[in-house]
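Report on the structure given below.
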Amino acid sequence: MHDENKQRLQVPRRPPWTKNMTVAQLDRQEKDAFLDWRRGLAELQEQDSFLLTPFERNLEVWRQLWRVLERSHLVVQIVDARNPLRFRCEDLESYVQDVEGAEGEQGTGKGKRRSLLLINKADLLTAKQRRGWADYFDSVGVQYAFFSAANAAALQQARRDAEAAEEAEQEILDRAAELEEDNLHEAASSESSSDDEGSTSEEEDSSDESEHFMLPLSSEDDSEDARDPRAKVLSVLELEDLFVRVAPDLSNFTESAGQQATKLVIGLVGYPNVGKSSTINSLIGEKKVSVSSTPGKTKHFQTIQLSPTMVLCDCPGLVFPQFATTRADLVCDGVLPIDQLREHTGPTALVVKRIPKEVLEATYGLSIRNKAADEGGNGTITAEDFLITYAIARGFTRAGQGNPDEARAARFILKDYVNAKLLFCNPPPGISEEAFNEETWDLALKRAEGKKRAPVTRVGKGADTFVPANIQQSDSSVIKVTGHKSHTVDQDFFANDGTLAARPFTQGSARNGQEFTRSKLYPHQNAVADDGTPLNGRRARVAAVLANTGDVGTGKKHHKKIKRVKQRSGRGYD
Ligand SMILES: Nc1nc2c(ncn2[C@@H]2O[C@H](COP(=O)(O)OP(=O)(O)OP(=O)(O)O)[C@@H](O)[C@H]2O)c(=O)[nH]1
């Protein structure tokens with residue numbers, strides 16, 4: 001169904017134009033064409049009931065895309081490696097073929113422009129996964145490359161640090177030499193030569209380190225996948241070389257005064273958040289010379305002179321129209337902002353569905369309990385199980401009754417998902433999600449092995465910070481030492497395997513072996529009865545009192561109405 005209607009999800013086209021047209025004429029025909037385009041999409045949504053992503057509806061933004069495409073010889077579409085198909089706009093590739101010349105001379109460069117799919121954040125993929133995508137894109141005839149702007153930036157930083165360290169060292173050496181000269185010491189030359197050796201080895205060390213950073217998911221990987229050149233994550237210089245190789249012959253293009261183009265213009269297009277700015281910065285960062293950043297003719301896109309023969313043309317982040325699966329998908333893909341989220345269960349359920357329980361537990365040092373069959377559980381954890389466990393462990397409670405703040409927990413979890421702390425990579429068509437992510441999850445578990453468990457549940461004034469006993473021993477420098485009483489509670493509180501269980505600690509009346517009532521054990525949930533139904537009125541107040549005093553017998557004397565505090569009207573004040 002979606003496939004049949006795919007051609008109706010077009011990028012808006014700029015109507016043909018000539019230099020002889022007036023500004024008003026141009027403006028009118030662009031607005032008309034744009035309205036037609038919007039009408040077509042509205043029909044698709046309303047009459048045919050397709051759900052579309054909240055695509056870009058501002059003509060000015062599309063106008064910038066038009067200008068970027070007209071200027072560019074090579075259009076680089078940047079996508080997020082975790083979901084390349086979600087971020088790839090196929091129609092953009094067709095449009096690139098139709099774009100007319102920048103100067104309005106019909107036919108200038110038409111059909112000669114080239115496209116390249118740049119799969120950024122490739123550091124998040126294993127070599128095997130990259131190979132899977134390479135197979136797919138080869139099969140559909142798309143020109144692609146893997147890149148990691150984050151790793152490129154880290155390498156550049158490591159190099160700058162090494163250079164700075166070398167410079168600082170040289171300064172010290174120079175100063176020492178001066179002093180020694182003053183004092184007429186003879187040993188100066190031999191010392192400085194041994195220091196020189198030191199600096200060389202340090203440089204080697206740092207380059208080793210950055211090499212390690214370069215491919216965190218596959219650095220120890222000497223498999224066939226890692227050796228496949230198609231799966232290689234390119235360095236900045238390799239990427240520049242590729243731009244030149246893929247670019248069309250510039251003799252097909254003219255520049256402003258009708259002269260043949262001399263500089264290769266590379267347009268960078270993509271959704272927000274795919275790493276466009278990071279990619280540009282890594283390209284700029286590689287240059288020893290400072291680059292000029294000149295605002296383009298229109299206010300918003302920028303042209304950046306990378307070298308005498310290469311110019312980058314940076315387009316603002318664009319959300320292309322596409323068929324949406326669910327809102328939850330859009331949130332998890334980072335297309336909808338998390339902070340303005342109203343409904344958090346759907347996206348969290350998607351996270352729970354995609355990332356195995358063990359990985360979630362290991363990442364956060366939690367022990368997530370699933371609901372028992374009589375509570376409606378089916379053996380797997382739900383979004384609610386996860387959110388409540390996380391909220392309790394982090395001490396996120398809602399104002400008022402003090403129940404776990406699931407919405408706040410969801411915001412943290414979803415941000416971790418979007419930022420790849422919780423990593424899930426969508427597979428190419430025909431490969432199962434589990435098979436594709438197996439190695440990613442193994443690595444996540446391995447990474448979490450040495451990690452200390454979440455020592456962050458604080459409930460009540462002066463409560464200790466609790467961690468499983470085994471962690472207190474191994475990492476006592478970080479964790480507060482807990483007393484005998486709290487240690488007893490810890491044993492119940494933490495599961496046997498040392499992970500944090502989904503039960504809150506209650507301050508005060510912990511007695512070994514004593515049965516706690518629900519209202520004591522879960523004071524912040526005092527408005528919920530044992531069977532899960534809400535308590536209200538008198539029952540709720542009794543529960544609140546019990547939780548406060550920890551004593552059933554004496555609860556009554558505290559069972560008073562809360563005194564009304566005199567409210568000031570505000571009159572008489574400035
Ligand atoms: N792991 C990883 N993260 C990256 C990489 N490149 C960018 N990011 C992260 O992705 C997020 C978005 O990066 P930006 O460069 O701001 O993305 P953008 O496409 O320019 O976003 P807009 O400015 O909104 O258009 C940031 O949190 C980056 O740290 C990468 O290669 N690997």
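The values are calculated or read from the model by the stated rules, or taken from the named source; none is laboratory data. Predicted model only: the values in this text are computed from it and were never measured. Here the Cβ is made from the backbone with ideal geometry for all residues, glycine too, and neighbour counts use every protein chain on show.
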- Message: Quick check on residue 100: is it more than 16 Å from the ligand (Cβ to nearest atom), surrounded by fewer than 21 Cβ atoms within 10 Å (Cβ to Cβ) and at pLDDT 90 or above?
- Response: no
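Only one of 361, 343 is more than 16 Å from the ligand (Cβ to nearest atom), in a helix (DSSP H, G or I), out of contact with any Lys or Arg (no Cβ under 6 Å at 6 or more places or on another chain) and not hydrophobic (A, V, I, L, M, F, W, C); which?
Values: 343 fails: in a helix (DSSP H, G or I).
Residue meeting the stated conditions: 361.
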- For residue 444, state whether it is in contact (Cβ under 8 Å) with a residue 60 or more places away in the chain, in contact with a strand residue (DSSP E or B) (Cβ under 7 Å, 6 or more places away or on another chain) and small (Gly, Ala, Ser). no
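Which of the residues belonging to the stretch 362-384 are out of contact with any Leu (no Cβ under 9 Å at 6 or more places or on another chain) and closer than 23 Å to residue 442 by Cα?
Pass one, the stretch 362-384, residues out of contact with any Leu (no Cβ under 9 Å at 6 or more places or on another chain): 369-380, 382, 384.
369, 370, 379, 380, 382, listed by residue number.
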- Task: Taking the residues in the stretch 15-66 that are in contact with a strand residue (DSSP E or B) (Cβ under 9 Å, 6 or more places away or on another chain) and exposed (fewer than 14 other Cβ atoms within 10 Å of the Cβ) as candidates, determine which candidate is modelled with the highest pLDDT.
- Result: 45
- Query: Inside the stretch 9-103, counting only helices (runs of 4 or more DSSP H) that do not spill past its ends, which hold 3 or more residues that are in contact with a Gly (Cβ under 8 Å, 6 or more places away or on another chain) and not small (Gly, Ala, Ser)?
  - Reply: 59-71
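Which residues, taken from the stretch 128-151, are within 21 Å of residue 227 (Cβ to Cβ) and either within 16 Å of the ligand (Cβ to nearest atom) or without any contact (Cβ under 8 Å) to a residue 12 or more places away in the chain (or both)? Even if it seems obvious, please write down each step before you answer.
If we filter the stretch 128-151 for residues that are within 21 Å of residue 227 (Cβ to Cβ), which is where we start, we get 128-139, 144-148, 151.
Within the stretch 128-151, 129, 130, 133, 139, 144, 145, 146, 147, 148, 151 meet the criteria.
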- Output the residue which, of all residues in the stretch 321-340 that are in a helix (DSSP H, G or I) and aliphatic (A, V, I, L, M), is nearest to residue 59 (Cα to Cα). 330
- From 268, 217, 234, 239, which residue is within 25 Å of the chain's Cα centre (by Cα) and at pLDDT below 80? 217
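Could you check how many residues of the stretch 109-127 are within 13 Å of the ligand (Cβ to nearest atom) and surrounded by fewer than 21 Cβ atoms within 10 Å (Cβ to Cβ)?
Residues of the stretch 109-127 that are within 13 Å of the ligand (Cβ to nearest atom), as a first pass: 118-125.
Then drop every residue that is not surrounded by fewer than 21 Cβ atoms within 10 Å (Cβ to Cβ), which leaves 124.
Going through the stretch 109-127 one residue at a time, the tally reaches 1.
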